[in-house]
Structure formats: C-alpha cells, structure tokens
Amino acid sequence: MRHLREFAVTVFVLAVLGVIAGFVWAATAPRTLFVSGPDGDVPADPTTQTLIAADGWFAVVTGLLGLASGIVGHVLSRKRPLPVVVGLAVGGMGASLLTFGVGRVVCLSAPVQLAAGPTGTTTTAHLVLTAHGVLMAWPFLAVGVFFAIEGVLAYRESPLRKPYGGQAPPLFPVFRGAFPPKADLASNSDSSGKGPADPVPESRD
C-alpha cells in the first residue's frame, strides 16, 4: 500500500508540473501561421522554421523538468526506489502529453489576428508539434538520470573499487611471494628457536 501511495504521489506531482510546463511552452514557442481553405489547414509559409522551433522549445522545457524530476526523485527515494522510478516513467509520459495539450489550448484561446482573403481563406496562428518523438524526452531523461545517479553511488560503495583493502596495489604482483617481508622472516626464526645466526669473527693475520 505504501508503494502504491508513493507511485501515485509521483504521478500527481509530475502531472502538476506538466500543466505548468504547458503554459511555459505556450509562452516561449513561436506560433505557426496556417491558411484554412477547402483542402484543410496548411502552413502559410512552406519554408517556415517556426514548426522546428516549437519542437525545440518543447524538448527544452520537458527535458529540463525531466532532469530535475529524476534528481529530486532519487534524493527522496533512497530506501524505496522502485515505485518512484516507475512513477517517473508513467508520470513523465503523462506530463509530456499534458504539456502538449495545455500548450495547444492556451494558444487557441489566445487572441490572434484573423485575416480573410478574397477566396474566403482564413489565416490563423497555431502551436503544433511535428516531431512526436520529443514527447519521450521527459520520461526518458527522468528515468535515465535516476539510474545514472544510482549507478554512480553503487560504484562508489562497491568493494570492487578497493580490491586490496584500500591499500595501493603492489608494483610487481608476480614476484610478490618470492620476497617475503622482514616481519615474516623474524617470526619464522623465532618459531624455530634458533634465532638469528651469530656473525662470523674476522680473522687476524
């Protein structure tokens, strides 16, 4: 039950951020002029760059919020990360859809100038999203930064980082057993009971 509550809280917080992101996207992204005619709505300028700019602003807004939500989610879920990371994936996708929907509604409700041509066509301004792949920016970055931080922390705490118990590795590990340390030599001599050998007296001619 506690895991379900944490999942629901994560999804709810991301949904609120998605609504806010929709207003931000509507305020920053440029509108595209469309001409309404018998064949439907088509861009008034076929070479316009506003469609690409709207996709870019959507990716920037949702991407930054995805990174922020992933970092905050990891900080607040060190003990139980599973419901939060699932909530980041599901809630991030829902937040992206909310950003897109709110941005379109805000743009359509904003006052625009309508121009009627001699053939009855009408020019309106719309906020559209042509590259639908940017909808994955929020959940992908949120989950990605979550696992990236988790991997870095796990590597720092892993014993594989200190295979020699925190000491520096030997320079020549192949010959490590060929030259025992002096302490081992002393202990061996004490255990045998013989002790160190007496020095040989020098001969006097």
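Residues of region 1-23 being aromatic (Phe, Trp, Tyr) and closer than 12 Å to GLY94 by Cβ, which ones? Spell out the reasoning first.
Going residue by residue through region 1-23, those that are aromatic (Phe, Trp, Tyr) are 7, 12, 23.
Hit for region 1-23 is PHE12, nothing else.
Here is a check on your reading of the model: is ALA95 at pLDDT 95 or above, of a type in the set (Gly, Ala, Ser) and touching a helix residue (DSSP H, G or I) at 6+ places or on another chain (Cβ under 7 Å)? Steps first, answer last, please.
On the way: at pLDDT 95 or above: yes; of a type in the set (Gly, Ala, Ser): yes; touching a helix residue (DSSP H, G or I) at 6+ places or on another chain (Cβ under 7 Å): yes.
The answer is yes for ALA95.
For the condition farther than 24 Å from GLY133 by Cβ, modelled with pLDDT under 90 and either touching a His at 6+ places or on another chain (Cβ under 6 Å) or not hydroxyl-bearing (Ser, Thr, Tyr) (or both), what is the one hit in PRO46, PRO38? Break it down stepwise before answering.
Numbers: PRO46 fails: farther than 24 Å from GLY133 by Cβ.
Answer to the selection: PRO38.
Against the condition modelled with pLDDT of 75 or more, more than 25 Å from PHE146 (Cα to Cα) and within 23 Å of the chain's Cα centre (by Cα), how does ALA26 come out, does it pass? Lay out the reasoning, then the answer.
Details: modelled with pLDDT of 75 or more: yes; more than 25 Å from PHE146 (Cα to Cα): yes; within 23 Å of the chain's Cα centre (by Cα): no.
Taking the combined requirement at face value, the residue does not satisfy it.
Just a yes or no: is a residue in region 93-101 in contact with a Phe, Trp or Tyr (Cβ under 8 Å, 6 or more places away or on another chain) and of a type outside the set (A, V, I, L, M, F, W, C)?
Keep residues of region 93-101 that are in contact with a Phe, Trp or Tyr (Cβ under 8 Å, 6 or more places away or on another chain), which gives 93, 95-96, 99-100.
Now restrict to residues that are of a type outside the set (A, V, I, L, M, F, W, C): 96, 99.
The answer is yes, given that some residue of region 93-101 is in contact with a Phe, Trp or Tyr (Cβ under 8 Å, 6 or more places away or on another chain) and of a type outside the set (A, V, I, L, M, F, W, C).
Looking at (1) in contact with a Ser or Thr (Cβ under 7 Å, 6 or more places away or on another chain); (2) at pLDDT below 95, which is the only condition ALA53 fails?
(1)
The values are calculated or read from the model by the stated rules, or taken from the named source; none is laboratory data. Keep in mind the model is a prediction, meaning the values are calculated, not measured. Ideal geometry is used to build each Cβ from the backbone, glycine not excepted, and the neighbour counts take in all protein chains shown.
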